[in-house]
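The values are calculated or read from the model by the stated rules, or taken from the named source; none is laboratory data. Here the structure is a predicted model, which means the values were calculated and not measured. Because the Cβ atoms are built from the backbone with ideal geometry, glycine has one as well, and the counts that use them run over all protein chains shown. Quick note on the areas: whole protein, heavy atoms, side chains included, nothing else; ligands and nucleic acids left out. Shrake-Rupley method; radii C 1.70, N 1.55, O 1.52, S 1.80 Å.
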Amino acid sequence: WSFQDILASYQEGESFKTSPEDTLLTGDKAETVADVSWPQNSMRSKGETSMISSLFRSILWVMLASDEIALALRIASDMTPPSREATGDAKPIYILAGQSNMVGRGVPIEVPNDILASISGRTFIRYDHDRNFVAKYGINAPSRSEGWQPLERDTQYSTVLEKYHFGPEIALAHTLLASDGSHYTGAKDRGDCHDFLPPSRIYFAKFAQGSTNLHTHWAEDGPIYKDFVDFVKEAIESAPEPCKLAGVFWLQGEAESCQSAAIVNSHEQVLVEFIGRLRTDFGACPFVASQIKWRGRKVSRVNDSIAKACSRRDAAPAACALLDPTEPLSSLRCQHLDSTSLLTVGRKMGEAYLAIANAR
């Protein structure tokens, strides 16, 4: 008997009572299964009925008792982005860019279930990671998605790391989607990029390349920037429903923290010019940069330059996701942020973005 057969039989016909010991355990509660119905003209034998009722109770027990099963079923039903024909207003699309901590070394199984459930079926990602490493080490397969994918635990796979991973995007999505939209009051009248929020679905175009610096790699004539622009434009054009660019999230600066004093001293101005170039190429929208944690001796100076750049009038609207130096952000042996720290950074980036909207 298939599950559909059992459900069909359950929905019609004559009922029978279960014994008191026939219960379903749901957490700390026990519920009696009663009044299960079967067709009056059923030709099933007692043995068949007993077998089916037992199977039915087992299925219900698994569905009710296991949060993991419930979550998996929900994820399975949300594997396809909505079509353009099925949607109305434009949905927000965000650019995520930076170096290796934006790529992320997070361990997918360490994402809390409640955070994952809150974004499931509501967040989609298209990514391109570490293409510089693919070329450098002669790796055959690139670390990029084939089109848009639902953002879940095992969405992002690195051919460089040879494993699934995540960056700050999961907690970022959770923070943006949890917003009630009250801070966007009046935005529609202004016709700015917040007019479609609060969002029912969001899209992340993520282009992150490890071991890259802003001064040369991300320069307008550098080896990354043109590929970055092409990727973002293609991602926006290929989105499965109408989308509108809503913001840029930037996590980078670790490379600069290990470079010369001249590079660090110019970082503020170079970042402001980078923000201006993004708006020339993609249009005006908020910019959020996170401070960094790294082993470089000039980390505090780089963090100061990021905060100052985001506070300048010629960079507005922009915000800095401030990292408290005393906050226990943990890093892996390779100095990359661990899962908990990536969730913290993603949350702080989302809060910084919402602060921009509150201030406008």
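Do the conditions hold for TYR164, that is, is it among the aromatic types (Phe, Trp, Tyr) and open to solvent by less than 10 Å² (accessible area, probe 1.4 Å)?
Considered against the rule, which asks whether it is among the aromatic types (Phe, Trp, Tyr) and open to solvent by less than 10 Å² (accessible area, probe 1.4 Å), TYR164 comes out as no.
Quick check: is even one residue across the range 225-246 of a type in the set (Gly, Ala, Ser), farther than 28 Å from GLN335 by Cβ and assigned to a strand (DSSP E or B)?
Taking every residue of the range 225-246 in turn, at least one turns out to be of a type in the set (Gly, Ala, Ser), farther than 28 Å from GLN335 by Cβ and assigned to a strand (DSSP E or B).
Scan the range 216-262 for residues that are open to solvent by 40 Å² or more (accessible area, probe 1.4 Å) and among the hydroxyl-bearing types (Ser, Thr, Tyr) and report the count.
3
Taking the criterion of being closer than 29 Å to ASP89 by Cα and open to solvent by 40 Å² or more (accessible area, probe 1.4 Å), would at least one residue in the range 263-271 satisfy it?
Looking for residues that are closer than 29 Å to ASP89 by Cα and open to solvent by 40 Å² or more (accessible area, probe 1.4 Å), one finds none in the range 263-271, hence no.
So which helices (runs of 4 or more DSSP H) stay within the range 88-144 end to end and still have 2 or more residues that are modelled with pLDDT of 95 or more and open to solvent by 50 Å² or more (accessible area, probe 1.4 Å)?
So the answer is 113-119.
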